[in-house]
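The values are calculated or read from the model by the stated rules, or taken from the named source; none is laboratory data. Remember, it's a predicted structure, so these values are computed and weren't measured experimentally. A quick note on method: Cβ atoms are made from the backbone with ideal geometry, for glycine too, and the neighbour counts reach across all protein chains shown. Quick note on the areas: whole protein, heavy atoms, side chains included, nothing else; ligands and nucleic acids left out. Shrake-Rupley method; radii C 1.70, N 1.55, O 1.52, S 1.80 Å.
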Amino acid sequence: MTRNTEHVSEFQLALRSFKKNRLAVCCAMILFIFYAGAIFADFLSPYSYRNEDRNYSYCPPTPVRFFDEGKWVGPYIYGQTLTFNEFYRRVYQTDTTRRFPVRLFVQGDEYKLLGLIPSRLHLVGVQEGARLYLIGADSRGRDLWSRILYGAQISLSIGLIGVLISFSIGLIVGGVAGFYGGWIDNVLMRLCEMVMMVPGFYLLLALRAAVPDDFNSVQIYFAIVVILSFIGWAGLARIIRGMCLSLREREYVLAAKSLGLSDFKIILRHILPHTVSYSIAAVMLSIPGYILGESALSLIGLGIQDPYASWGNLLSDNMSIVRIKFAPWILWPGVFIFLTVISFNIIGDTLRDCLDPMMKAERK
Amino acid sequence: MQDAILKINHLTVAVQEFNKETLLVNDLNLEIPRNRITALVGSSGSGKTTTGLAILRLLPQALYMKKGAIVWEGQDLMNLSENQMRLMRGKKIGMVFQEPLNAFNPVFTIGFQIGEVLKQHTTLSGPKINDEIVRLLTTVGVDDPPRILNSYPYQLSGGLRQRAMIAQAIAASPSLIIADEPTSNLDVTLQAHIMELFRKLRDELKMTILLISHDLGMVVHLAEQVAILANGRMVESGETKSIWQHPRHPFTQQLKQKMVI
Ligand SMILES: Nc1ncnc2c1ncn2[C@@H]1O[C@H](COP(=O)(O)OP(=O)(O)O)[C@@H](O)[C@H]1O
Ligand SMILES: [Mg+2]
């Protein structure tokens with residue numbers, strides 16, 4: 001006697017209307033490409049993040065050319081020669097007499113793909129004697145494009161891990177507060193408010209000050225994640241708690257209680273799963289906070305330390321207006337931060353609208 | 001007098017509304033004899049569901065028990081700790097709700113939700129749980145247990161869903177089942193089938209049943225005892241046959257003629 005009506009969950013319905021929104025789908029693709037770029041950064045980047053050559057400090061981009069006097073000769077770049085002008089400023093000149101072919105799948109700096117497979121294979125590269133700078137070089141002559149790819153590993157993963165931690169805390173705290181209500185709810189929500197009360201950036205600095213100076217880069221990475229999660233969980237907990245307050249009135253929660261199931265199981269199986277679709281929108285909207293938080297810390301030198309790259313510490317080069325004037329390409333990391341943050345926001349907003357019953361009625 | 005599995009003494013449930021206390025259940029006394037079907041009949045809003053929930057100590061937050069005792073085998077349930085009470089729910093006293101579509105969680109299969117009860121209250125594990133679910137579904141008269149087990153609540157018809165919920169309620173073999181209007185959303189033939197199932201639970205599984213209904217005519221063939229509830233007060237109680245044949249209270253007469261629902 002099974003009814004053959006096709007069942008689509010609320011979330012699937014939301015996903016359908018999400019797909020109709022071109023802008024949001026576009027943003028999703030941007031993020032997909034960014035994350036893929038971060039995962040395969042070792043392979044995609046021409047150089048390692050620490051491969052430097054001080055003779056190429058702030059070397060401008062070396063455009064890849066394909067034609068020579070109208071004839072196809074395959075990709076190549078010209079060499080750069082360094083001269084100094086009358087103010088002893090570096091001036092790079094394109095040396096059209098020296099031509100270096102750009103090759104695919106070349107051997108280069110050693111790395112371990114996904115941290116496991118040792119390899120020297122890089123997607124693109126040029127032979128010794130010239131350096132390939134797709135978007136330019138930084139102060140130490142490191143390839144900015146490579147460093148942006150490596151920086152994505154840190155900047156993009158901090159958002160995900162951070163949100164994972166604070167989301168777990170938010171789920172538990174919000175679930176418990178919403179399920180039990182009464183004084184438990186009161187205590188937990190006042191705690192949330194205390195965290196939310198302090199302006200985020202100052203809390204960030206204060207917590208960072210509590211982290212020992214002698215941490216190595218991995219420890220700093222995790223310290224930043226923990227600090228950001230500590231700031232982020234409260235907002236999520238409040239959202240979840242609000243949903244649980246109404247969900248606990250559902251009859252299946254009463255039925256589960258009447259069957260003697262433990263509170264833990266009821267919260268975990270009968271309340272929290274129903275908050276998931278709405279939480280996904282909340283999560284999307286909160287990820288930019290982590291990315292910007294890491295960038296802010298790294299920008300002022302309290303986050304990821306050189307030689308490791310993150311989008312935030314790549315931007316710290318931009319603190320001098322003179323440098324921006326002579327090497328405007330060092331603004332590129334900002335473009336990537338901007339695109340990522342706005343993509344997450346658009347996706348989150350669209351998801352929220354798709355899940356909102358009021359909007360659903362409007363669309364009909 | 002038959003020995004009573006549950007005694008409700010002076011049960012009074014109240015709600016505070018606009019600084020005024022309203023009694024939803026007013027000094028209710030009821031004895032539920034073992035291995036019998038006792039019916040609690042009253043019009044809608046008379047406090048039947050509230051009584052059922054008070055027994056399990058699951059009253060909605062706004063409601064509170066003002067007075068009274070609920071005595072289970074000599075022990076007042078009001079004196080139990082929350083943990084002890086949880087061991088009573090499902091294991092000693094099971095409850096069947098009016099609308100199984102709402103009482104099942106829509107995102108899990110029927111089998112999963114019955115299995116949850118078995119995991120909570122029995123020592124069964126792994127494939128044995130599955131066997132037990134199939135056995136339970138067979139007991140409640142489901143034809144194709146393996147298929148039902150993997151179905152989601154919305155995929156089943158009303159009758160099957162109600163059977164599945166009864167299977168869930170009896171999973172930990174409680175001695176008392178509180179069935180809150182278990183058939184009022186079903187058509188007449190299905191109602192008869194479900195009533196037959198309760199008879200079977202009493203006769204074959206030796207269960208005690210508190211059958212809540214607004215339809216006196218439907219419980220009359222099944223219940224040995226009946227208590228009539230009006231506006232939170234019990235107006236009449238006793239053997240079903242004598243009450244059906246000689247209703248004393250005018251409200252019972254109305255119920256009999258289905259003048260009130
Ligand atoms: N949470 C609540 N808050 C206030 N009043 C309630 C609440 N739940 C039930 N009631 C009231 O209690 C009375 C009895 O309800 P109920 O036990 O559900 O009746 P029945 O099951 O007999 O139809 C009704 O008048 C109802 O309005
Ligand atoms: Mg009712």
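Using 16 Å as the cut-off for backbone N distance, which residues of region A:67-94 belong to the label zone defined by a point 7 Å from the Cα of A:SER139 along Cα→Cβ? Backbone N within reach: A:90. Relative to the longest principal axis of the Cα atoms of chain A, the long axis of helix A:10-20 makes an angle of roughly 30 degrees. In percent, rounded to a whole number, the relative contact order of chain B is 27, using alpha-carbon pairs under 8 Å and six or more apart. With loop membership from DSSP and a limit of 16 other Cβ atoms within 10 Å, the longest segment of chain A without GluC sites (Glu not before Pro) is A:129-248.
Rounded to the nearest 20 Debye, what is the dipole magnitude of the protein assembly as shown about its Cα centre when Lys and Arg each give +1 and Asp and Glu each give -1 at the C-beta?
Charge dipole of the protein assembly as shown: 420 debye, to the nearest 20.
Taking 18 Å as the straight-line reach from the Cα of B:LYS258, the lysines in range (excluding those fewer than 8 positions away in the same chain) are B:LYS48, B:LYS241. Expressed as an acute angle from 0 to 90° and rounded to the nearest 10, what is the orientation of the C-alpha long axis of helix A:332-355 relative to the principal long axis of chain A? Tilt relative to chain A: about 20 degrees. Here region B:10-72 is treated with +1 on each Lys and Arg Cβ and -1 on each Asp and Glu Cβ, and its dipole about the Cα centre works out to around 180 debye. If R0 is 60 Å, the Cβ-Cβ spacing of A:GLN305 and B:GLN61 corresponds to a FRET efficiency of close to 0.65.
In region A:71-145, which chymotrypsin sites (Phe, Trp or Tyr not before Pro) are in a loop and have at most 13 other Cβ atoms within 10 Å, using DSSP for the loop call?
Here the sparse-neighbourhood loop sites are A:PHE87, A:TYR88.
Counting only aspartates and glutamates at least 8 places from B:LYS128 when in the same chain, those with an alpha carbon closer than 17 Å to its own are B:GLU116. For region B:47-103 and region A:296-339, write down the distance between their C-alpha centroids in whole Å. One Cα centre to the other: 63 Å. Of B:LYS66/B:LYS91; A:LYS19/A:LYS257; A:LYS257/B:LYS66; B:LYS66/B:LYS206, which pairs sit farther than 28 Å apart, going by alpha carbon to alpha carbon? Over 28 Å Cα-Cα: A:LYS19/A:LYS257; B:LYS66/B:LYS206.
Farthest towards the positive end of the charge dipole of the protein assembly as shown, among the residues B:VAL107, B:LEU23, A:GLY293, is the Cα of B:VAL107, using unit charges on the Cβ of Lys, Arg, Asp and Glu. For chain A, the relative contact order is 20 percent, taking Cα pairs closer than 8 Å that sit 6 or more residues apart in sequence and dividing their mean separation by the residue count. Note on A:MET196: accessible area is roughly 100 Å² with a 1.4 Å probe, heavy atoms of protein only. Think of a 1.4 Å ball rolled over the protein heavy atoms: chain B then has 44 Å² of accessible area per residue.
Here the relative contact order of region A:53-141, from alpha carbon pairs under 8 Å that lie six or more residues apart, stands at 37 percent. Computed from the alpha carbon positions, the gyration tensor of region B:45-104 leads to an equivalent ellipsoid with semi-axes of 20, 16, 11 Å, biggest first.
Site pair A:SER119 and A:GLN219 shows an inter-label distance of 3.3 nm when each label is modelled 7 Å from Cα along Cα→Cβ. Using the rule -39500 (n - 2.57) for each DSSP H run of four or more residues, divided by the residues of the protein assembly as shown, the 222 nm mean residue ellipticity is -15000 deg cm²/dmol. Could you tell me how many degrees, from 0 to 90 and to the nearest 10, lie between the Cα long axis of helix B:158-169 and the main elongation axis, the longest principal axis, of the Cα atoms of chain B? Computed tilt is about 90 degrees.
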